[in-house]
Amino acid sequence: MKNIFLLLISCLFIWGCQQKTNQAESNFDSSFNRKDSLDVLYFNLSNKKYDTIIRGQLSDIAEKYRINLSYEKFFKISKIIESKSAFIKDTFGILKGKSNIGLYYYEKVTLDSAYLFVCSSEKISNKNKHKLFLGSILRIKANILWCHKDYSGAEATAIQALKIASQKKYVEDIIGCYMTIGNCLEGMNNYEKALDYYNKAILKIEALEKPQQNSELKNQTHNYIARIYQKQNLHQKAISYLEDSVNFDKLKKSDLRTYSSIINTIAYSKFKLNNPKALPLFKEVLQISESTKIAPTQVEANTHLGEYYLSKNDTLSAKSYFNIAQKLAHQNQIFEDELKILRFLALANPKKNTYYSNRFIQLNDSLQSVERATRDKFARIEFETDEVTSNNKVVQAENSKLSRRVLFIASFSLLFLFVIFLWIRMNAQKNKARELLLKQEQQKANEVIYQLMLDQQQKIEEGKNIEKLRISQELHDGVMGKLSSIRLNLYVLNKKTDEETIKKCLEYIKEIQNIEKEIRKIAHDLNRNLFSSDVDFIAIVENIFTAIKNHSNIDFDLKTGENIDWSTVSTAIKINIYRIIQEALQNIDKYAAANNVAIRMDKKDATLIISIADDGVGFNTKNSKNGIGLQNMQKRAEECNGTFHIVSTPKTGTKISLLIPI
């Protein structure tokens, strides 16, 4: 019975409550033909305003999640549909959400919760003019009643659903009703009538347009029919029927769950006919059930293997399989199968016959009590659903009055808060405008100062360049000419080659060659420095050294990387670097008592790396409060999107590090 219930749930994957309301929903359904992720589609829809079109699209996504066995996402979206549809008073959406939630609990075998939502949906649908979803809701209700062995109640409810489905010509719902009625008749041992309804289902299945859906439903229905033949002890008929009706190779690739169930049916009938091929089929079913982790199939496979070995008087193997089956059945609350297994254990363990018989009686009595309690619970649920509905109307009326009052107070409060917000925002904007003007004025002032410094430095450099050029020309044309002339005069060696003359000439030649090399180097250096690209900014920094050297004995050592092109560095960055170096050197001059200061400027990738280190007295950075000078240096570094870091300890000097992206 539990395995039939599992197959019934599989059928429900194919039959959803899928009646479209408009063309927009139909167009959205076609979008699933693309390879878009369901999660992405759901995320995009969740950010849109909820209406009937969005509801239809969310319903389609929920159904796709259910078919893909993503039950929790199906449940989450169904709850959203129910609550948001209630807010906009969309009866179709409310019913869709509630029936989906009921279906979720049904598939999770939480039948009391499923029954609660199904009853609630039934009440709402009956009050609706068009009886929305009533056929599908009644079919789920019938299946819940069938699970609790209320076969007559389940049959009556399924017939109601069948009438509605027939009127509206919903073929998929008609098939589901035929199969549910067949299951109920089988439960009441009315096998001939059950076969009649299963065959009706097959005729309707063959009319379906979707081949894949047609094949899956037919295979499941064929298996139901074969199991009835088994119960009638028509085992060869059951085997022949399935072998003639099922394409096993195709089924194994497309639906492993149904394949294993059909193979299990064939194996059991072969076992009853003493066919030796039953054992490998039983083992194949067990292997599939263990790989798919389907508990009811695992229980049935182990039970059948136990029966097989018991028939061969191999009680040791039989007990092993029965014990596994009994444990799985108990863990998964498949109590009907556990009752059957307890009987077999009593046969396989004659010494414990009394123990297993008592266990059987206790479990059977317990199950009967549970069934009676469940029927009473279902009756209470239907009554309480009506009572809750009437109470909800009273509560809704009171809530409506309270909501109007709350809305008035909330509107007034929001208006007051909005006025305060506007006032604060206006003041903040005024302050930002003032701050922006001050920054602009400060930037202009910095640019003017820097330009004046550049102009002054340019004049100085022009004078230096003129002087350098003059000295270079003088050295090259004057001194070099004279030295070359002297060397020519030493050609006396061509005439006199005595030892004394040679000795004197060698000394002059060596001296003159050294002087010539030195003067040539000086001339080249002077000309090369004349065209240095960073002379302006470096010269400005060196002016700071000169100003400090006028009143102190500090020795400055400046080294600049050759890969820095100062002409490409923005004026704003150069001003801030200049001010930071100026402030740092003034602090060293005032407080550090240093003898040596080393400044290094380099470029790595697109970052300027500047360090200023002294050998002064240092200070404790933890105890020392940042003065305005250090704060200004920090702020200037941040304006350049750079980092400013200072390291110092008493008696070890101080080092400032500056990293600025350019």
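Model label sites at Arg579 and Lys352, defined 7 Å from Cα along the beta-carbon direction, differ in position by 9.0 nm. Treating r as the C-beta distance of Thr649 and Ala445 and R0 as 41 Å, the FRET efficiency rounds to 0.65. Full extension of the chain segment joining Ser411 with Arg434 gains 4.8 nm, where the gain is 0.36 nm per residue of separation less the Cα-Cα distance. Treating r as the C-beta distance of Val617 and Thr501 and R0 as 45 Å, the FRET efficiency rounds to 0.10.
The residues His222, His148, sorted by heavy-atom accessible surface at 1.4 Å with ligands and nucleic acids left out, run His148, His222 from largest to smallest. If you plug the beta carbon distance of Asn199 and Leu273 into 1/(1 + (r/R0)^6) with R0 = 25 Å, you get a FRET efficiency near 0.50. In a DSSP loop and with at most 12 other Cβ atoms within 10 Å, the trypsin sites (Lys or Arg not before Pro) in segment 227-317 are Lys277, Lys293, Lys312. Pairs over the 28 Å Cα-Cα cut-off, from the set Lys168/Lys193; Lys250/Lys270; Lys98/Lys340; Lys149/Lys231: Lys98/Lys340.
Placing unit charges on the Cβ atoms of the charged side chains and taking the dipole of segment 101-214 about its Cα centre, the candidate lying farthest along the positive direction among Gly176, Leu203, Ser166 is Ser166. In loop segments of segment 564-662 as defined by DSSP, the trypsin sites (Lys or Arg not before Pro) with at most 14 further C-beta atoms inside 10 Å of their C-beta are Lys622, Lys625, Lys651.
Multiplying the residue separation of Asp555 and Ala598 by 0.36 nm and subtracting their alpha-carbon distance yields 14.6 nm.
When the listed pairs Lys444/Lys635; Lys108/Lys253; Lys204/Lys283; Lys277/Lys319 are checked against a 24 Å cut-off, the alpha-carbon distance exceeds it for Lys108/Lys253; Lys204/Lys283. For segment 156-222, trypsin sites (Lys or Arg not before Pro) are listed when DSSP marks them as loop and at most 14 other Cβ atoms sit within 10 Å of their Cβ; the list is Lys169.
Here the Karplus curve 6.51 cos²θ - 1.76 cosθ + 1.60, taken at θ = phi - 60°, turns the phi angles of segment 650-659 into couplings of x, 6, 10, x, 9, 9, 10, 10, 9, 10 Hz, with x standing for Gly and Pro.
Multiplying the residue separation of Ile424 and Glu243 by 0.36 nm and subtracting their alpha-carbon distance yields 56.9 nm. For Lys517, a cut-off of 28 angstrom between C-alpha atoms picks up these lysines, skipping any fewer than 8 places away in its own chain: Lys464, Lys468, Lys482, Lys495, Lys496, Lys503, Lys504, Lys559.
With both labels modelled 7 Å from their Cα along Cα-to-Cβ, the Lys293 to Glu192 distance reads 4.7 nm.
For Asp555, nonlocal amide neighbours, meaning residues 5 or more places apart or on other chains whose placed amide H falls under 5 Å from its own, are Asn596, Val597.
Residues whose amide H falls under 5 Å from that of Thr621, counting only those 5 or more places apart or on a different chain, are Ser648, with hydrogens built in the peptide plane.
The values are calculated or read from the model by the stated rules, or taken from the named source; none is laboratory data. Only a predicted model underlies this, so the values are computations on that prediction, with no experimental measurement involved. We place every Cβ from the backbone using ideal geometry, glycine too, and count neighbours over all the protein chains shown. Calculation scope for accessible area: heavy atoms of the full protein, side chains included, ligands and nucleic acids excluded. Shrake-Rupley method; radii C 1.70, N 1.55, O 1.52, S 1.80 Å.
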